[in-house]
1. Name the residues in segment 230-250 that are closer than 28 Å to residue 112 by Cα and either part of a loop (DSSP other than H, G, I, E, B) or of a type in the set (Val, Ile, Thr) (or both), would you?
2. Within segment 176-194, identify whether any single residue is under 22 Å from the mean Cα position of the chain (by Cα), within 29 Å of residue 113 (Cα to Cα), modelled with pLDDT of 95 or more and not in a strand (DSSP E or B), and answer yes or no.
3. So residue 183 clears everything in (1) within 16 Å of the ligand (Cβ to nearest atom); (2) on the phi > 0 side of the Ramachandran plot; (3) buried (at least 16 other Cβ atoms within 10 Å of the Cβ) except one condition, right? Which one?
4. Going by the conditions given, is residue 219 assigned to a loop (DSSP other than H, G, I, E, B) and modelled with pLDDT under 95?
5. Looking at segment 160-171, can you tell me whether even one residue there is within 11 Å of the ligand (Cβ to nearest atom), in contact with a Leu (Cβ under 8 Å, 6 or more places away or on another chain), in a loop (DSSP other than H, G, I, E, B) and touching a residue at least 12 places away in the same chain (Cβ under 8 Å)?
6. Go over the candidates 75, 40, 79, 99 one by one and state the one that is surrounded by 17 or more Cβ atoms within 10 Å (Cβ to Cβ) and among the hydrophobic types (A, V, I, L, M, F, W, C).
7. Of all residues in segment 56-107, which are over 27 Å from residue 183 (Cβ atoms) and either near the ligand (Cβ under 10 Å from one of its atoms) or small (Gly, Ala, Ser) (or both)?
8. Of the residues 264, 201, 258, 210, only one is surrounded by 15 or more Cβ atoms within 10 Å (Cβ to Cβ), touching a strand residue (DSSP E or B) at 6+ places or on another chain (Cβ under 6 Å) and not in a helix (DSSP H, G or I); which?
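The values are calculated or read from the model by the stated rules, or taken from the named source; none is laboratory data. Predicted model only: the values in this text are computed from it and were never measured. A quick note on method: Cβ atoms are made from the backbone with ideal geometry, for glycine too, and the neighbour counts reach across all protein chains shown.
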Amino acid sequence: MTRAFRPRSLDEALALLADGELAARAIAGCTDVLASDAAAGRVPPAVVDLSRLAELRDIRTAGEEIDIGAAVTFAELRADRLVRRHLPALAEAAATIGAWQIQNRATLGGNAANASPAGDSLPVLLALGARLDLASAAGARSLAYDDFHLDYRRTALGPGELIVRLRLPVPPPGSVQRFEKVGTRSASAISKVVVAFAARRRGACIEGVRLAAGSVGPVPRRLEAAEAVLEGATPATGLAEAAAAAAAAEVRPIDDVRSTAAYRRWVLGRLVRRWVLDLTGPDALSTD
Ligand SMILES: Cc1cc2nc3c(=O)[nH]c(=O)nc-3n(C[C@H](O)[C@H](O)[C@H](O)COP(=O)(O)OP(=O)(O)OC[C@H]3O[C@@H](n4cnc5c(N)ncnc54)[C@H](O)[C@@H]3O)c2cc1C
């Protein structure tokens, strides 16, 4: 029998999670926990429900950032005015998670903490330069999202530690954001490849380039080689192809039931190429 706790404050939740005898697991929307535990026949001894904690539930501006509580659902994200205006790639990603039933429960913090290589919001958090506010009974800390995913389904979260908020910088004027999930169908599909891109044009130059992808290796990752090709570049013949080739070469996808490594590499390259051309116009197209 699982004991269920619904704390009224973050401090109460952290104290419950720090109690070694209780061995409680945090749940938010419970969409991953239910699916993975039921499939494995596991019953957690206790659960701590984060879904009603005020500290984890709102979306607000704070200076030059947009702060999103970890227990905000994808349905809330895709409908939110601030997110749609400043973080359209995140709104778009939210709209591709499962279907409405899942989006009504699944949370942004749960997606990050679950750390599936195919988690759809994770490349967006990387591309948009997110930071995490983390807390445990031992104290609070802030972590760049770039440093969160350590290995396959292993994150920087310590025992009893929670993601409290996700902080995303408001992009400067002239920024573009792109998100694309390639799956077998448009709803309730696990991605074959999921990619996010952020950059801006300053005069003739491309800058602030952040590209990230999921389902192309054990962890979602920045595409640093492709970013290096593009950062500071001016639209030049072959730029789009060079960025696409760098992206395809730096990932380590596998063949599995959803796709092949070769297709994943190819489609990733085509998406990068298309986005570079969107940003630069046809000047960056190869004449070959
Ligand atoms: C039918 C179905 C379709 C799905 N489709 C998609 C999809 O298209 N794309 C996609 O990316 N995912 C998909 N998922 C997976 C899942 O819905 C998401 O990963 C979701 O965001 C998980 O959030 P949750 O709040 O339900 O997490 P939970 O199941 O409540 O928790 C997941 C894990 O995160 C931990 N956790 C939760 N919140 C926190 C927190 N604040 N701090 C620290 N740890 C925390 C929990 O302890 C647990 O280990 C799908 C799942 C189902 C069942």
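1. Correct list: 231 only.
2. Within segment 176-194, not a single residue is under 22 Å from the mean Cα position of the chain (by Cα), within 29 Å of residue 113 (Cα to Cα), modelled with pLDDT of 95 or more and not in a strand (DSSP E or B).
3. Looking at each condition in turn, residue 183 falls short on (2).
4. no
5. Yes: segment 160-171 contains one or more residues that are within 11 Å of the ligand (Cβ to nearest atom), in contact with a Leu (Cβ under 8 Å, 6 or more places away or on another chain), in a loop (DSSP other than H, G, I, E, B) and touching a residue at least 12 places away in the same chain (Cβ under 8 Å).
6. 75
7. Residues satisfying the conditions are 56, 62, 63, 69.
8. After applying the criteria, what remains is 210.
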